[in-house]
Amino acid sequence: MTGRQGPALSRRSLIGAGLGAAAVAAAGSGQARAAGSAGTRPASAPARGHAFLAAAMDAYPDHGDLRLTQSYTDQAGLFSTAFTYDNALAVLAHLATRTADGLTRATALGDALLYAQSHDPAYDDGRLRQAYNVGPYTFYDGSPQPDGFVRPDGTVNVGTQFGFTGTAVGDMAWAGIALGALARRTGARRFLTGAVRIGEWIERTGRTDEPLGGYKFGVDGANQRLPFTSTEHNTDLICLFGRLDRLTGDRVWRERRARAEAFVRRMWEPDGGFFYTGTNDGVTVNTSPIPEDTQTWTHLAFSSSTRRYARSLDWAAAELAVVDHAGRPNSTVPAGQTYEGVTFSSASLVANEDAPIAAGQPKPDRNGVWFEGTAHLALALRDRGARGDEARARRLLASLERAQELLGDGQTVGGRALPERAGVVSASSPLDTGFGFGYYPYRHTGATAWYVMAAARYNPLRA
């Protein structure tokens, strides 16, 4: 995801780089155990994932109760950056635990997203930015950044140092999905109001009448509309608009859902059994690279009436499968360890292993496991429930749990030590996504949240 030399890209800010996507058998059941202290019961792997999410949320106690969750450990070099997408996932993962603490934390994060929506330094139109800063740090150029999530003037601390100031439809959709889930769980009207504001911003900003239809990518930091239309983003909107239809009773959301779904259906490749990534111009379908999330999220978002598209899970499981170990070129996996799962996209499998992923970054490992995507696939297989799906999902969950046990040891958030063996790294080794950025072995809120949801069989995209 990032390096230590300066700005990095999110997989939802691929401006100018094409479209973003936009070994222990018992462990796969979510019951892997870590050694606990004397007299205490060892925590389950999902519980340790939740502990990481809690620690990343509580990393800056001196900067107020209103807070978001830091996305990556300090070692990733993004300091206190909290991506909106990751925080939406954290809300959903906390809800998936179905505990009082999980609900309390989900509610607090939801309120922080609402605060960001109403206290932006420049806009009051329902948008959220790509990322915020949630704690103080000193930037690479030596400039101090003393503020937490809320600045002294009451505005939120937008992630300007890395250029995370734009607004992507996918990020907004996930925030709306999380707020909608909170509205449904708590009955609190404020969360539904926030979700509706997000939906209306997407309608105003993203709707397009281009031949392929759907909703476009969003706006950059200068508030300029971006020309791309993403399968991933429109898949997110199937859930968001469907959820708003159910929660509000306003049929306008049903039409908007149908519009997003029609775009996604147009991206289907029946001969190969997969979904393309989207379009750059609204006319021509991009046929390469083919990412993982457009295969798994589509299944998670579609209703049972569209099961014919579920072949995309088999495509992802077969065509993006990787196994990483120390013998691989550029692998950072310790000797004696092996991880299986899927990579980010078809381009990841043919990345140039002789060149850095980006300036100042390491060389990629073509077999690096993308753990967030591996969790997507595990959850989707469990949701589909065809012959062999549960066994395959358990193998993937076992790999995720082994990674949580063994990778990322000694990493910190806000300079604070993390709970032991808590948090899943984003990738087993440096991997090139094929979309202009990479993922690296740093513990990650997004990957951990998807693991927690997969272990709990919690589908965040089913309205």
Do we have residue 283 as surrounded by fewer than 24 Cβ atoms within 10 Å (Cβ to Cβ), at pLDDT 95 or above and in a strand (DSSP E or B) here? no
Say whether the condition of being under 18 Å from residue 325 (Cα atoms) and at pLDDT 95 or above is met by at least one residue in segment 375-393. no
Every residue in segment 333-353 that is more than 14 Å from residue 434 (Cβ to Cβ), crowded, with 18+ Cβ neighbours inside 10 Å and out of contact with any strand residue (DSSP E or B) (no Cβ under 6 Å at 6 or more places or on another chain), please. 341
Conditions (1) open to solvent by 10 Å² or more (accessible area, probe 1.4 Å); (2) at pLDDT 95 or above -> residue 359 fails only (2)
Here is a list of conditions, (1) crowded, with 18+ Cβ neighbours inside 10 Å; (2) polar (S, T, N, Q); (3) not in a loop (DSSP other than H, G, I, E, B), and residue 104 meets all of them except one; can you say which number that is? (1)
If we ask which residues in segment 321-332 are open to solvent by less than 30 Å² (accessible area, probe 1.4 Å) and either at positive phi or under 23 Å from the mean Cα position of the chain (by Cα) (or both), their number turns out to be 2
Residue in segment 236-255 that is most open to solvent (accessible area, probe 1.4 Å), counting only those that are part of a helix (DSSP H, G or I) and of a type outside the set (A, V, I, L, M, F, W, C): 246
What are the pairs, 6+ residues apart or on separate chains, where a residue within segment 260-275 that is hydroxyl-bearing (Ser, Thr, Tyr) has its Cβ under 7 Å from a residue that is open to solvent by 40 Å² or more (accessible area, probe 1.4 Å)? none
Taking the conditions exactly as written (in contact with a Gly (Cβ under 7 Å, 6 or more places away or on another chain), open to solvent by less than 60 Å² (accessible area, probe 1.4 Å) and either assigned to a helix (DSSP H, G or I) or farther than 22 Å from residue 460 by Cα (or both)), does residue 258 satisfy them or not? no
Residue ranges of helices (runs of 4 or more DSSP H) in segment 363-463 with at least 2 members touching a Lys or Arg at 6+ places or on another chain (Cβ under 9 Å) and more than 25 Å from residue 91 (Cβ to Cβ): 389-406
Might you check whether a residue that is in contact with a strand residue (DSSP E or B) (Cβ under 7 Å, 6 or more places away or on another chain) and at pLDDT below 95 occurs anywhere in segment 72-91? no
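Please tell me if residue 89 is open to solvent by 10 Å² or more (accessible area, probe 1.4 Å), among the aliphatic types (A, V, I, L, M) and assigned to a helix (DSSP H, G or I).
When the stated conditions are applied, residue 89 does not pass them.
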Which pairs turn up if I take residues in segment 438-463 that are at pLDDT below 95 and look for partners that are part of a loop (DSSP other than H, G, I, E, B) with beta carbon separation below 9 Å, at least 6 apart in sequence or on another chain? 462/302; 462/303; 463/303
How many of the residues making up segment 140-179 are at pLDDT below 95 and in contact with an Asp or Glu (Cβ under 6 Å, 6 or more places away or on another chain)? 0
What about residue 211, is it part of a loop (DSSP other than H, G, I, E, B), in contact with a Phe, Trp or Tyr (Cβ under 8 Å, 6 or more places away or on another chain), open to solvent by 10 Å² or more (accessible area, probe 1.4 Å) and modelled with pLDDT of 95 or more? no
Considering residues that are among the acidic types (Asp, Glu) and either assigned to a loop (DSSP other than H, G, I, E, B) or over 19 Å from residue 384 (Cβ atoms) (or both), the number found within segment 308-339 is 1
Pairs returned, first residue in segment 154-174 that is among the acidic types (Asp, Glu), second residue that is open to solvent by 10 Å² or more (accessible area, probe 1.4 Å) and part of a helix (DSSP H, G or I), beta-carbon separation under 9 angstrom, 6 or more apart or interchain, are 171/85
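The values are calculated or read from the model by the stated rules, or taken from the named source; none is laboratory data. Bear in mind that the values here come from a model prediction, so they are computed numbers and not experimental data. Every residue, glycine among them, receives a Cβ derived from its backbone with ideal geometry; neighbour counts consider all protein chains shown. All accessible areas refer to the heavy atoms of the entire protein, side chains included, with ligands and DNA or RNA removed. Shrake-Rupley method; radii C 1.70, N 1.55, O 1.52, S 1.80 Å.
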